[in-house]
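Take a look at the structure below.
The values are calculated or read from the model by the stated rules, or taken from the named source; none is laboratory data. Model, not experiment: these values are computed from the prediction. Here the Cβ positions follow ideal geometry from the backbone for every residue, glycine too, while neighbour counts run over all protein chains shown.
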Amino acid sequence: MVEQPLLFLRKTKLKTMTIFLSDLMPKTGEIIDKAQTMPIILAASVIFMIPVFLLYMFFSDSLDQGLDLNILSLKS
């Protein structure tokens with residue numbers, strides 16, 4: 001299965017982190033030592049989650065207020 005961004009992005013430095021992680025995963029039929037690839041994949045996924053977690057920490061109150069306003073506007 002080809003992910004859609006792979007059809008548009010030809011340069012490797014423009015690829016997103018999820019595509020990078022999927023490139024690291026062994027393909028079907030390949031014999032790759034999991035002891036070498038799994039720590040890289042796990043470290044990259046933790047690094048990928050840090051900015052998202054920080055954004056949530058700083059803007060969670062604004063997110064809650066926005067969701068509350070949306071719920072109130074749907075009820076009336």
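Remarks
- Pairs with Cβ under 8 Å, 6+ apart, first in segment 55-66 and at pLDDT 85 or above, second assigned to a helix (DSSP H, G or I): TYR56/LEU63
- Residues within segment 19-39 that are at pLDDT below 80, part of a helix (DSSP H, G or I) and of a type outside the set (D, E, K, R), tallied: 9
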